[in-house]
Amino acid sequence: MNCMLWKMGIIFKAAGGARMKRNVMGLVLTVLALAVCSAMGEDAVKVADWPGFRGAGALAVAADANTAVAWDVKSGKGILWKADLALPGSGSVIVSGTNVIASGATGTEGGIFCFDIKTGKPLWKGSIPLKGKPEVFEEETTTFAPATPVTDGKRVFAVFATGAISAFNMDGTAAWTADLGVPEITYGYVSSPVIYKNTLIVQHDQSDEKAALVAFDTQTGKEAWRMKRSMGASWCSPIVIETSKGPQIILVSCGGVSSYDPKDGREIWIVKRESSDIVSSPAFVNGLVIATLGTKGTLAIRPDGAGDVTKTHVAWKNDDAGAEVASPVVSGDCVFVVSTSALCLNLADGKKIGEKELEGQFYSSPVVAGGKLYLINREGEVTILKADKTLEAVGKASFGEHLDATPAVSGGFLFVRTLKKLLCIGPASPSKP
């Protein structure tokens with residue numbers, strides 16, 4: 001089905017019925033995510049899919065209003081199915097059609113696992129050998145599979161902590177492999193890849209002059225282009241955005257925020273802001289790049305500049321809205337930033353308009369589904385709030401074990417991976433995935 005046809009289908013579905021008002025914001029954010037369709041071409045994945053880290057457009061927003069607000073893993077209440085993962089990992093799962101996909105790895109083997117979305121039945125496993133171990137790798141803070149895979153609907157791509165890259169066809173057959181080499185970076189490599197048209201984009205930041213932004217041909221695995229970077233280390237993931245001046249790759253690192261042309265890697269603009277240990281990935285909503293820079297707060301940047309735009313294109317900044325790991329998410333007029341508390345910043349000016357104290361440490365990024373904000377701390381405790389400035393509690397649950405991955409949402413179902421398990425959480429009212 002071509003992009004125009006399924007765009008129309010989503011719009012008509014969201015606009016009809018008594019739930020129209022509730023679906024308006026979900027529709028708006030869905031339309032924003034549809035820019036990914038034109039960037040990826042007519043064979044792009046469907047809106048219902050969750051094709052990479054934080055879903056379509058890396059917005060971490062789903063229009064699904066029927067997602068659950070309570071479940072119990074121990075008793076199985078609300079859990080549609082569980083599946084074991086043969087290799088551990090901390091990257092998030094993705095959804096493509098009837099497939100749910102996760103990665104895993106040890107020091108010698110990297111793997112991609114594909115499951116049936118309805119039953120959790122294993123469909124195939126793809127594996128590649130891994131060589132080398134990062135000298136600064138810390139077992140307690142990361143894994144050999146910390147990055148989230150990405151798919152164009154035809155192939156699935158994964159990057160591992162050793163710098164190895166694998167591509168598998170959707171039937172499980174191997175397509176190609178590449179190797180960027182073991183990165184020299186504290187804590188180990190974490191960044192998830194993204195896709196622009198027929199190229200796989202990898203942010204390979206590290207602590208020396210080898211740092212680069214690299215693009216691979218998705219069909220052949222051949223390197224399409226490489227751009228050296230001098231922005232410092234990063235554990236963030238890139239995003240691809242559509243602007244009035246064309247597509248851009250947005251990267252965040254310890255030196256600030258920068259933009260590159262996805263066609264050749266040429267640097268377009270840069271905002272300098274020194275920080276340290278930045279893990280949060282950017283978002284793009286209402287023409288603004290939203291970036292949380294660790295302890296240095298959150299910025300909103302207009303992406304229509306060129307060169308050093310530090311003094312000219314920062315629309316607003318909030319120095320008090322920092323986050324160690326979790327990426328920001330936007331719903332309505334709220335920018336949610338999560339650390340020891342959930343902050344709601346006004347999208348227009350960055351001022352704090354809501355706050356909710358939280359317990360625990362958050363590596364999982366927040367996700368919005370049907371006007372609900374899902375927050376999961378590292379102990380696996382789930383807090384569900386209204387995705388508005390009230391931040392009113394609407395539900396809670398627990399996975400009962402350590403959890404760093406960000407949920408995927410599709411059709412009212414939540415898909416979450418722990419270190420060695422994959423779970424499908426059913427919607428609030430009965431349905432089938």
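Yes or no: region 35-50 includes at least one residue that is at pLDDT 50 or above and buried (at least 22 other Cβ atoms within 10 Å of the Cβ).
Among the residues of region 35-50, at least one is at pLDDT 50 or above and buried (at least 22 other Cβ atoms within 10 Å of the Cβ), which makes the answer yes.
Before we move on, is Ala291 touching a Pro at 6+ places or on another chain (Cβ under 9 Å), assigned to a loop (DSSP other than H, G, I, E, B), of a type in the set (A, V, I, L, M, F, W, C) and surrounded by 24 or more Cβ atoms within 10 Å (Cβ to Cβ)?
No: the conditions fail for Ala291.
If only one of Ala300, Ala321, Ala315, Ala342 is assigned to a loop (DSSP other than H, G, I, E, B) and modelled with pLDDT of 95 or more, which one is it?
Only one candidate qualifies: Ala321.
For region 144-186, how many residues are under 15 Å from Cys114 (Cβ atoms), outside any loop (DSSP other than H, G, I, E, B) and hydroxyl-bearing (Ser, Thr, Tyr)?
Residues meeting the conditions: 2.
Kindly evaluate Ser259 against the criterion of being in a loop (DSSP other than H, G, I, E, B), small (Gly, Ala, Ser), under 21 Å from the mean Cα position of the chain (by Cα) and under 25 Å from Val335 (Cα atoms).
Here the answer is no, as Ser259 does not meet what is asked.
For region 369-381, which positions are outside any loop (DSSP other than H, G, I, E, B), under 24 Å from Gly89 (Cβ atoms), under 18 Å from the mean Cα position of the chain (by Cα) and not aromatic (Phe, Trp, Tyr)?
Ala369, Leu375, Ile376, listed by residue number.
Any idea how many residues of region 294-316 are small (Gly, Ala, Ser) and either under 21 Å from His204 (Cβ atoms) or surrounded by fewer than 15 Cβ atoms within 10 Å (Cβ to Cβ) (or both)?
Here the count works out to 3.
The values are calculated or read from the model by the stated rules, or taken from the named source; none is laboratory data. It should be emphasised that the depicted structure is a prediction, and the values quoted were computed from it without experimental measurement. Positions of Cβ are generated from backbone atoms using ideal geometry, with glycine treated the same way; all protein chains shown enter the neighbour counts.
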